[in-house]
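Chemist: First the structure, then my questions, so here it is.
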Amino acid sequence: MGIYDRDYYRESSTDWWGFLGSRPATVGLIVVSCAVFVGQLMTRVGRDGSDLFMLWGDFYPPAIFHGQVWRLLTAYFLDDTSNFLRLAFNMLILYWAGREIEGIYGSREFLCFYLFSALLISLGSLVLAATELIDPEHHQIGSGGPVTTTFLLYACHYPYRKILLFFILPVPVWALALGTLVIGFMGALGSGRPGIGLTTYLIGGLFAYLYFRSSLRLSSLLAVSFTARARRAPPPRLFVPPVDDDRDPVRATPPNRGGRGAAAERDGSTLDEHLEAKVDQVLEKVARFGRESLSPDEHELLLKASEIYKRRRGS
């Protein structure tokens, strides 16, 4: 089987997310946020606009301190049902910037970045609430935190791209990012009720910049953690069937074939193992950073491996 025929390397338009533009993480986050918004509309329980989803999942420090730690993330998938435009604006920014970031880092890494930024912002707000630097009784919802962090990371990658502000005025991305930070800080500090909004621009902006400047890959850290757990697990027991005939199993073992044939077979097996290892490394790079990140030598390696696998398949 050719290397380009493998399921995890083939880019097929018939995949279930092919029509989503090959950005399943971005579109998935948008779909989940919109579905939760519909659920909020259907489960309103009070005149103040509260709903069952908010009662269960908004960011509320006292509840988190009592063990409801899921609120650290679920708050970012909830929104104000009386302000649909805010949800629409956030989802538009996420679709616009998230697709670009997902194209750079891959779907798994972008999803880790999005959720980890949300977690950092929540933890920052939790620390401020514990020290009473912000109102410890405030409730907060909205996807603005991780969406803003995603946009700031986009600005780090493409600072001089021009976008049409209000669909009229061309503005470089760096200026829009700077304006977002300034307006966000002023709004959070001037409202008299700073909450997640304050840590969104402080922690989110810092995290986006440090992530851009470093080679940190969150999905790799998770993969290392899962691999370490798997290595600590006891190996499975193998069932060895009994020998049917009455001969001594030691004597029944076929003699070792020496000479050039055995040596060549061992060398070929070693060569195959080296080739497979190199191919796996290249494919892992493709999965993380895309096919365009490959060097000419890595492209040549994939072509060579593909031809070898095709010849084996035909033999």
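Chemist: Just wondering, is there one or more residues in the stretch 149-168 that are touching a Gly at 6+ places or on another chain (Cβ under 7 Å) and of a type in the set (V, I, T)?
Modeler: Scanning the stretch 149-168, I find at least one residue that is touching a Gly at 6+ places or on another chain (Cβ under 7 Å) and of a type in the set (V, I, T), so the answer is yes.
Chemist: Continuing with the same structure: Just for the stretch 91-136: of the residues that are closer than 19 Å to L218 by Cα and polar (S, T, N, Q), which one is modelled with the highest pLDDT?
Modeler: Residue satisfying both the conditions and the ranking: S117.
Chemist: Quick check, is D79 modelled with pLDDT of 90 or more and acidic (D, E)?
Modeler: It is true that D79 is modelled with pLDDT of 90 or more and acidic (D, E).
Chemist: Restrict the check to the stretch 142-153 and report whether at least one residue is in contact with a Leu (Cβ under 6 Å, 6 or more places away or on another chain), in a helix (DSSP H, G or I) and of a type in the set (A, V, I, L, M, F, W, C). Show your work before the answer.
Modeler: Initially, the stretch 142-153 is screened for residues in contact with a Leu (Cβ under 6 Å, 6 or more places away or on another chain), giving 147.
Those still in the list that are in a helix (DSSP H, G or I) too: 147.
Next, only the ones that are of a type in the set (A, V, I, L, M, F, W, C) stay: 147.
Looking for residues that are in contact with a Leu (Cβ under 6 Å, 6 or more places away or on another chain), in a helix (DSSP H, G or I) and of a type in the set (A, V, I, L, M, F, W, C), one finds at least one in the stretch 142-153, hence yes.
Chemist: Give the stretch 117-136 a look and list any residue that's assigned to a helix (DSSP H, G or I) and among the aliphatic types (A, V, I, L, M), or say none. Before the answer, list the steps.
Modeler: Of all residues in the stretch 117-136, those assigned to a helix (DSSP H, G or I) come to 117-130.
Scanning the stretch 117-136 gives A118, L119, L120, I121, L123, L126, V127, L128, A129, A130.
Chemist: Would you call V38 of a type in the set (V, I, T), at pLDDT 90 or above and farther than 25 Å from S125 by Cβ?
Modeler: It is true that V38 is of a type in the set (V, I, T), at pLDDT 90 or above and farther than 25 Å from S125 by Cβ.
Chemist: For a quick check of your reading of the model, give me the residue pairs whose first member lies in the stretch 21-34 and is assigned by TED's automatic domain parsing to the domain that holds E102, whose second is modelled with pLDDT under 95 and part of a loop (DSSP other than H, G, I, E, B), with beta-carbon atoms closer than 6 Å and at least 6 apart or on different chains.
Modeler: P24/W17; S33/S143
Chemist: I'd like to check something: does the stretch 101-114 contain any residue that is surrounded by 22 or more Cβ atoms within 10 Å (Cβ to Cβ), of a type outside the set (F, W, Y) and more than 14 Å from the chain's Cα centre (by Cα)?
Modeler: Within the stretch 101-114, not a single residue is surrounded by 22 or more Cβ atoms within 10 Å (Cβ to Cβ), of a type outside the set (F, W, Y) and more than 14 Å from the chain's Cα centre (by Cα).
The values are calculated or read from the model by the stated rules, or taken from the named source; none is laboratory data. Because the structure is a prediction, the values reported are computed rather than measured. Counting neighbours? That spans all protein chains shown, and the Cβs are built from the backbone with ideal geometry, glycine included.
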